[in-house]
1. One-quarter of the Cα convex hull surface for region 93-357, in nm²?
2. Given a cut-off of under 8 Å on Cα pairs at least six residues apart, what relative contact order in percent is computed for region 93-357?
3. With springs only between Cα atoms under 10 Å apart, run a GNM on the chain and tell me which of 331, 267, 363 wobbles the most.
4. Using the reciprocal of the averaged 1/r over all distinct C-alpha pairs, how large is the Kirkwood radius of region 116-245 in Å?
5. Which of 309, 259, 226 ends up with the largest GNM mean-square fluctuation for the chain, with Cα atoms connected below 10 Å?
6. Could you please state, rounded to a whole Å, how far the C-alpha centre of region 227-263 is from the C-alpha centre of region 179-221?
7. List 208, 123 from most exposed to least, where exposure is judged by having the fewest other Cβ atoms within 10 Å.
8. Report the Cα centroid-to-centroid distance between region 64-86 and region 140-160 in angstrom, as an integer.
Ligand SMILES: Cc1cc2nc3c(=O)[nH]c(=O)nc-3n(C[C@H](O)[C@H](O)[C@H](O)COP(=O)(O)O)c2cc1C
């Protein structure tokens, strides 16, 4: 019986929301840990407040970019190598000068308290347990000092440039004092225009605290390279630009001496119609030309997607929603189960593809799909 077998009673229990009552339910069976992320999302939708679920799940306007982020990974095929002797695959990669145990980074996402009381601390503990890296959102519901105290966590901090310059700077200084190893400057939210496809009525943030800004902290409009370069020159830690999609911007980031870029469209939440990140990645990698580390996020739902991203030249991938569904279903344990599964899949798929070491994935093991990619496209009529 597999996780996809609709008769699996554990899957049925998960879908009925049993995990909320029993935080370890997600870990109860290996089969559950293999359930597709879409199944976990469906289960999470049953245990979350509808407005909170809508906040996590939706994208901008018609959600074209949101949808295509996932489908775009289907536009690539893995072309495995044989007889390579690959064994005990090493997942270690150097990120910003430190070797981390695996390249699946938990990306920044706001307001984890809407998902589960474990909130950002739960995710942080899950990430630390697996020797990984987490980017804490500036719009988190847990203070950077608290998350920074979690042992064995490689913690980076995401920055939204606020209209109030001194507030931005003091928040950056707090994060640096809390020991974050890098700053991630989000450059794809140029205004507060609400492009979200969420049902009208907003969502309820009563009882939620925002330790880094008031919750309606106004975004600095008209952000430019000069502002980003000043931050880079003044903070003493590596700065990563998140939200790059155009190769000329990747090149400029390298020229300007930024440490890394995240090829990202913000999970389809800002500009609908923006290019899916799996499509944007190769041009950005080529433009970066090895002078700046390249990461990618958006629609990573399997370890195999991460392997494709690395073969396309990314150093690491970021994931957001999958871990949020795990958090919603089982707190810290649920988040860990989802993250551990992605890491395990990456190891297994790398071995199947004949890759022994993620530091040197041959770009030749991924090729563009040149025929219909979905079974339905070929289904007899
Ligand atoms: C609920 C939610 C909140 C987010 N909040 C932030 C944020 O505060 N800062 C940020 O830079 N990106 C934010 N993002 C974007 C993610 O970091 C990331 O770019 C994207 O969601 C990755 O795609 P995935 O959700 O398909 O993994 C958020 C995404 C989601 C789903």
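1. Averaging across all directions leaves 13.3 nm² for the Cα convex hull.
2. 21 percent
3. 363
4. 15.7 Å
5. Among 309, 259, 226, the largest mean-square fluctuation in the Gaussian network model of the chain belongs to 226.
6. Each part reduced to its Cα centre gives a spacing of 21 Å.
7. Ordered from fewest to most neighbouring Cβ atoms within 10 Å, 208, 123 come out as 208, 123.
8. Here the two parts' Cα centres lie 32 Å apart.
Bear in mind these aren't lab numbers, they're just calculated from the coordinates by the rules spelled out. If you're wondering where the values come from, they're calculated on a predicted model, not measured in any experiment. Backbone-built Cβ (ideal geometry, glycine too); neighbour counts: all protein chains shown.
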